[in-house]
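Visitor: Attaching a single structure in structure tokens format; questions to follow.
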Amino acid sequence: MKMEQHLITGRSESMDEIAELAPLAEESGFTHIGFPDQPALNRDPFLMMAVAAQATSHIRVGTGIVTPFTYHPVVIANASATVDELSNGRAFVGLGVGGAAVMSMGLKPRPVAELRETAQFVKKFMAGEEAEYKGGRMYSDWIRNPVPLYVAVDGPKGHQV
């Protein structure tokens, strides 16, 4: 049984360095490479995913993690689906409540219930179904490929996602 090996990067690397490091991670046996959503600290995670996807052939690329506070769930789904298309089906979505990313902006992490609502929306929307988020119903004319979804939680309410 092959174990998954995940690498989270993108804190200070330039886009050129991402293009150099992603193939190195792939060659070193990593199965996933994730890019954090920390607007005050690093480059855009979806652009880093796209650069990594174009520089590699089989490692999975995704957010590690993205929060519904910095990106609306429809943007998370659309950007992830775009990278999934670009990477020939190698994208994944890592979701979380925000933690250090939003606290560095003077904001509080999102409630676990909102994380659950985001995860449910992303799964349905990326499966090509009409999905609802905070009363808004949305449907994509082109997204039909759900990607693996990982949820990062910490604390006593984490099991509720």
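The values are calculated or read from the model by the stated rules, or taken from the named source; none is laboratory data. Just so you know, these numbers come straight off a predicted model, no measurement behind them. Because the Cβ atoms are built from the backbone with ideal geometry, glycine has one as well, and the counts that use them run over all protein chains shown. Ligands, DNA and RNA are stripped out before the accessible areas are found, and what is left, the full protein with its side chains, is counted by its heavy atoms. Shrake-Rupley method; radii C 1.70, N 1.55, O 1.52, S 1.80 Å.
Visitor: Name, by its number, the condition in (1) open to solvent by less than 40 Å² (accessible area, probe 1.4 Å); (2) not in a loop (DSSP other than H, G, I, E, B) that does not hold for residue 24.
Guide: (1)
Visitor: Has segment 83-97 got any residue that is closer than 19 Å to residue 127 by Cα and either among the hydroxyl-bearing types (Ser, Thr, Tyr) or in contact with an Asp or Glu (Cβ under 6 Å, 6 or more places away or on another chain) (or both)? Spell out how you get there, then give the answer.
Guide: Pass one, segment 83-97, residues closer than 19 Å to residue 127 by Cα: 83-95.
Remaining after also requiring either among the hydroxyl-bearing types (Ser, Thr, Tyr) or in contact with an Asp or Glu (Cβ under 6 Å, 6 or more places away or on another chain) (or both): 87, 91.
Within segment 83-97, one or more residues are closer than 19 Å to residue 127 by Cα and either among the hydroxyl-bearing types (Ser, Thr, Tyr) or in contact with an Asp or Glu (Cβ under 6 Å, 6 or more places away or on another chain) (or both).
Visitor: Then there's this: Condition first: closer than 17 Å to residue 75 by Cα, under 15 Å from the mean Cα position of the chain (by Cα) and open to solvent by less than 50 Å² (accessible area, probe 1.4 Å). Now tell me which residues in segment 95-124 satisfy that.
Guide: 95, 96, 97, 98, 115, 118, 119, 121, 122
Visitor: Restricting attention to segment 29-49, does a residue exist that is open to solvent by 20 Å² or more (accessible area, probe 1.4 Å), among the aromatic types (Phe, Trp, Tyr) and farther than 19 Å from residue 123 by Cα?
Guide: So far as segment 29-49 goes, yes, one or more of its residues are open to solvent by 20 Å² or more (accessible area, probe 1.4 Å), among the aromatic types (Phe, Trp, Tyr) and farther than 19 Å from residue 123 by Cα.
Visitor: Here's something else I'd like to know. Taking segment 53-89 as the search range and keeping residues that are of a type in the set (S, T, N, Q) and open to solvent by less than 10 Å² (accessible area, probe 1.4 Å), which one is nearest to residue 8 (Cα to Cα)?
Guide: Once the filter is applied, the top-ranked residue is 63.
Visitor: Do you know which of the residues in segment 94-108 that are assigned to a loop (DSSP other than H, G, I, E, B) and within 23 Å of residue 146 (Cα to Cα) is modelled with the highest pLDDT?
Guide: The selected residue is 96.
Visitor: Let me ask another. Can you name the condition, by its number, that residue 6 falls short on among (1) open to solvent by 10 Å² or more (accessible area, probe 1.4 Å); (2) in contact (Cβ under 8 Å) with a residue 40 or more places away in the chain; (3) closer than 21 Å to residue 125 by Cβ; (4) in contact with a Phe, Trp or Tyr (Cβ under 8 Å, 6 or more places away or on another chain)?
Guide: That leaves (3) as the condition not met.
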